[in-house]
Structures are given as structure tokens and as C-alpha cells.
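Peer 1: Shown below is the structure under consideration.
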Amino acid sequence: MAGLAKTYSKEIIKELDMIPVYLPGTKIEPGDIITFSHTNVLGRPQPIGSFRKETNLIHTLGLDLPVATDDGLGAVRFSSRNGVSMEFKAAADAGNVGKGELNVSFTKEGSTYLAATGLSESRIDDMDKLRTSLNKIRNKYTGDWNKSFIVVSVRTAKKALVMQSNSSQGSLTISGETQTLQVGAAGDIKGDLKFAVSSFKDAAFIKDWNDDVELFVGLARYRKRFLGSWKLGHGFTETRNVDWEMATVYPDELDFGNSDS
């Protein structure tokens, strides 16, 4: 499962440019401090796979941080490249447009299908206040800031259906109002669609059109900012500690490396 969790995370990061919540629907909120077991080849922590919640800046450490919510972020349809194929068979009742059976075939281990609608984002609304507040209470956190990530935003779907295959022979069959659930389909995904998962095979995990599914997070690091210089043959020489800084974690800058630690 650990390998499939990393496969899911890396693919979402590369293809959607967002850091996923694994498992989708795991409860997480702005202000959480979380850690991951994965590191890159340099031993630096990477937000890949499952995470552990260490504490919360607002509810546990008492920071007064405003959290804003943005609604109406639309829908997302995603399937793994060269790992998922879909076939929609319209129902015999031609008067019910969009009704039928959607067959999703997984031809690669770890491949993913995701359909979600009604996305909203909750986020810490003042990053400068977050940094200055952390400067005052950073010693109250008993964990290691060098290994920790701060959750600054969470994107939640009002409804989501997600499956990752555990093999190259996985399958998912959905019956009902399923036409707009196809990746690449025209039209919106309605939150009140009426359909059911008829069957599935070889699922590493499946979220069956659940309510309020946490899908993606925005992360930041709180770390020391150093002043120093590079010297040939000696590398980086630290001269003095300047300050602590907030550093946004950008998905396209993540270094996956080759480590599984």
C-alpha cells in the first residue's frame, strides 16, 4: 500500500499540479502541522503518501489565524495516462440523456480514476500574520520544524468518487446518470447525480461518491533562513542565522528523488 500511496501522490502532483490528500477524505484542516515518512535522495522530507497529524496551530497551540473559504471552484475529472480507459453505454431510454453504464478499466497497477464536484477551499487568510505568530510560539511545538509541513489550505469536494487500482486488471462499473463522469466529457458534474457503483475489482482504495471529501492541500514550511556563501571545494558555509521564514511548497518544485524512506 505504501508504494501505491506514493504512486497516487506523485501522479496527482505531476498531472494536476496539486498536492493530494492520501487517503482522499482523510480529515485535515488549515493550521494542521503534519509530517510524512517519504524523503528524497538528500534526506529532505517530501509531502508524498500518507501523513501524520502532529498538532494544530489554531485549536491546540492557540494562534488567532483567520480562515477564509472560497466556494464555486468547479469540478475535476482525472484518470491516469496510459492506465485507464472508459466506455459509456447509453441506456435504452433515449429520453433520459446521460443515463447509462460507465465502465472504467485499469490497465496499470496504481492507476487512478477521480471525479469530483463542488470544490471549495478553506485557507489561512493572512500568511504574514502566520509567520509573525509562529515567531512568538515556535518553541511550544515539540516536533521538528525541519521535518514538518504546515497546512495553509484544503480543497474539499462536495461529492467525489475516487478509485486507485491495485493491479493491471482493476475495473469499476457505475450505473445511472454517469455520462458526465467520463474524463473529457462536456458539461458540469452535478452534485445530485443519481448513480451507483455496480461493481469494482482489485481496488487499492475506493471512495464511493462520498460527501465532503478532502482532496488537495496547500503546504508551507517554517524554517530558518541562513546567510552564507559558496566556496570551491568547501560547499556552502553558513555565516549567521538571519531569521525564520515561511516558504510555500510549490508542487512543480518537489524533488521526488529515488528514496523510499
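Peer 1: Indicate the gyration tensor shape class of the range 8-107 (rounded, prolate or oblate), computed on the Cα atoms with a ≥ b ≥ c the square roots of the eigenvalues: a/c under 1.5 is rounded; otherwise a/b larger than b/c is prolate and the rest oblate.
Peer 2: Oblate shape, in that a/c is at least 1.5 and b/c is the bigger or equal ratio.
Peer 1: Using a/c under 1.5 as the rounded threshold, could you call the chain rounded, prolate or oblate? The axes a ≥ b ≥ c are square roots of the C-alpha gyration tensor eigenvalues, and prolate needs a/b larger than b/c, oblate otherwise.
Peer 2: Prolate.
Peer 1: Can you give me the % of accessible surface on the range 1-120 that is carbon or sulfur? Probe 1.4 Å, all protein chains present, nothing else counted.
Peer 2: 46
Peer 1: Here is the link list: LYS27/LYS99; LYS27/LYS108; LYS10/LYS190; LYS53/LYS140; LYS108/LYS194; LYS147/LYS207. Which ones come out longer than 21 Å on Cα distance?
Peer 2: LYS27/LYS99; LYS27/LYS108; LYS10/LYS190; LYS108/LYS194; LYS147/LYS207
Peer 1: Next question, about the same structure. What net charge is computed for the residues neighbouring PHE216, neighbours being all others with C-beta under 11 Å from the C-beta of PHE216, Lys and Arg scored +1, Asp and Glu -1?
Peer 2: -2
Peer 1: Calculate the FRET efficiency for ALA2 and ASP144 from the Cβ-Cβ distance with a Förster distance of 25 Å, rounded to the nearest 0.05.
Peer 2: It comes out at approximately 0.70.
Peer 1: How would THR142, THR39 line up by accessible area, probe 1.4 Å, largest first?
Peer 2: Putting THR142, THR39 in descending order of accessible area: THR142, THR39.
Peer 1: Something else now. Could you report the chain's accessible area per residue, 1.4 Å probe, as an integer in Å²?
Peer 2: Per residue, the chain has 51 Å² of solvent-accessible surface.
Peer 1: Okay, next question. Helix-derived [θ] at 222 nm for the chain: sum -39500 (n - 2.57) over DSSP H runs of at least 4, divide by residue count, nearest 500?
Peer 2: -3000 deg cm²/dmol
Peer 1: As an exercise, use a Förster radius of 30 Å and the Cβ-Cβ distance of LYS89 and ASP211 to find the FRET efficiency, rounded to the nearest 0.05.
Peer 2: 0.65
Peer 1: Where in the range 62-81 does the label zone of MET18 land, with the point 7 angstrom along Cα→C-beta and an amide N cut-off under 12 Å?
Peer 2: The answer is 72-78, whose backbone nitrogens lie closer than 12 Å to the label point.
Peer 1: So, one more: For LYS53 and GLN169, FRET efficiency with R0 = 35 Å and r from the beta-carbon atoms, rounded to 0.05?
Peer 2: 0.50
Peer 1: Between the alpha-carbon centers of the range 148-171 and the range 175-228, tell me the distance in whole angstrom.
Peer 2: Taking the Cα centre of the range 175-228 as reference, the centre of the range 148-171 is 5 Å away.
Peer 1: Another one. Within straight cross-link reach of LYS136, meaning Cα distance under 14 Å, which aspartates and glutamates are found once same-chain residues fewer than 8 apart are removed?
Peer 2: Correct list for LYS136: ASP64, ASP128, ASP243, GLU245.
The values are calculated or read from the model by the stated rules, or taken from the named source; none is laboratory data. Everything numeric here is computed off the predicted structure, so don't read it as measured data. Don't worry about glycine lacking a Cβ; one is built from the backbone with ideal geometry, like all the others, and counts go over all protein chains shown. Heads up: the accessible areas ignore ligands, DNA and RNA and are worked out on the full protein's heavy atoms, side chains in. Shrake-Rupley method; radii C 1.70, N 1.55, O 1.52, S 1.80 Å.
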